[in-house]
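Engineer: Would you mind keeping the following structure in view while I ask a few things?
The values are calculated or read from the model by the stated rules, or taken from the named source; none is laboratory data. Note that this is a predicted model, so its numbers are computed, not measured. Cβ placement follows ideal geometry from the backbone for every residue including glycine, while neighbour counts extend to all protein chains displayed.
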Amino acid sequence: MPRPMARLTLLGVGAMRSPRYAPAGLLVEHGRKRIAIDGGPGAEPAGELSAWLVSDARGELMRELRVLGRARGLEPRVGPFVSRGLAIEPLPVRHTSHPTYGYRIEIGGRVVVWAPEFFEFPAWAAGADLMFAEAAGYDRPIRFAGGVGGHAPALEVARDASQSGVGTLVFAHLGRSTIRAIDAGKTPPFGVFGHDGDVFLLRRPS
């Protein structure tokens, strides 16, 4: 079996104030480059990092993320990261009243999407080989006051990802209603629930 191009580790899969999981975050390892995206207390990677990216520069965990990042000489930020064979690009998602983003990660012809929070499925995620996605709610949306956005439910995300040609869908932002669904033995029609520490190896297209 060919050596994997990249290693993707879920630092956590919890929505805000999760009773079970660490904050949703991803570690991308490609060659000697190690890039964290989101995460927070209990969901921070060990060792040196090349960059620390975030989906929401005004998110509830930004204070903690700045402390964690600065301890490594980094300033967590919304932005791109590019090195040989790796391109990570922030792209907008509809989520709340201020700008928020997901990330399109291109590695050796493969496309990975990190989009842990959105109210509408992002069109730019179509055709991704692997997508880490929203699941704060399970069977109904969570709407923010004033109609400014919210969280799409896991069942809707599953439908939209399947129809959009996503290869593998992993729910990586699990809220309380989704945890209750998991405990009741429910499973979405497409996709799987992620767990803190899950590892995904990205290999070259055959």
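Engineer: Give the residues of region 20-34 that are under 27 Å from residue 180 (Cβ atoms) and either in contact (Cβ under 8 Å) with a residue 60 or more places away in the chain or not in a strand (DSSP E or B) (or both), sorted by residue number.
Structural biologist: Hits for region 20-34 are 20, 21, 22, 24, 26.
Engineer: What number of residues within region 84-94 satisfy the criterion of being under 15 Å from residue 151 (Cβ atoms) and surrounded by fewer than 21 Cβ atoms within 10 Å (Cβ to Cβ)?
Structural biologist: Looking only at that region, the number is 1.
Engineer: Testing residue 37 on (1) among the aliphatic types (A, V, I, L, M); (2) in contact with a strand residue (DSSP E or B) (Cβ under 9 Å, 6 or more places away or on another chain); (3) free of Cβ contacts under 8 Å to residues at least 60 places away in the same chain, one condition comes back false. Which one is that?
Structural biologist: Against the list (1) among the aliphatic types (A, V, I, L, M); (2) in contact with a strand residue (DSSP E or B) (Cβ under 9 Å, 6 or more places away or on another chain); (3) free of Cβ contacts under 8 Å to residues at least 60 places away in the same chain, residue 37 comes up short only on (3).
Engineer: Under 7 Å between Cβ atoms, at least 6 apart or on separate chains: pull out the pairs that start in region 75-89 with a residue that is among the polar types (S, T, N, Q) and end on any residue that is modelled with pLDDT of 95 or more.
Structural biologist: Matching pairs, first to second residue: 83/33.
Engineer: Can you run down the residue pairs with Cβ atoms below 6 Å, 6 or more apart or on separate chains, where the first is in region 1-18 and more than 12 Å from residue 40 (Cβ to Cβ) and assigned to a strand (DSSP E or B) and the partner is at pLDDT 90 or above and among the basic types (Lys, Arg)?
Structural biologist: Hits for this filter: zero, empty list.
Engineer: Moving on. Looking at the structure I just gave you, is residue 61 among the aliphatic types (A, V, I, L, M) and out of contact with any His (no Cβ under 9 Å at 6 or more places or on another chain)?
Structural biologist: yes
Engineer: Run residue 5 past the list (1) aliphatic (A, V, I, L, M); (2) surrounded by fewer than 21 Cβ atoms within 10 Å (Cβ to Cβ); (3) closer than 12 Å to residue 53 by Cα and report the number of the one that doesn't hold.
Structural biologist: (3)
Engineer: Now a separate question. Tally time: how many residues in region 37-48 are over 14 Å from residue 115 (Cα atoms) and buried (at least 21 other Cβ atoms within 10 Å of the Cβ)?
Structural biologist: Total satisfying the criteria: 3.
Engineer: Please go through (1) surrounded by fewer than 21 Cβ atoms within 10 Å (Cβ to Cβ); (2) over 20 Å from residue 170 (Cβ atoms); (3) under 16 Å from the mean Cα position of the chain (by Cα) for residue 65 and return the number of the only condition it doesn't satisfy.
Structural biologist: Single failed check for residue 65: (1).
Engineer: Kindly indicate whether any position in region 95-113 is of a type in the set (Asp, Glu), more than 17 Å from residue 163 (Cβ to Cβ) and crowded, with 24+ Cβ neighbours inside 10 Å.
Structural biologist: No, region 95-113 contains no residue that is of a type in the set (Asp, Glu), more than 17 Å from residue 163 (Cβ to Cβ) and crowded, with 24+ Cβ neighbours inside 10 Å.
Engineer: Collect the residues in region 166-202 that are of a type outside the set (A, V, I, L, M, F, W, C), in contact (Cβ under 8 Å) with a residue 40 or more places away in the chain and not in a loop (DSSP other than H, G, I, E, B), keeping them in residue-number order.
Structural biologist: Within region 166-202, 173, 176, 177, 178, 180 meet the criteria.
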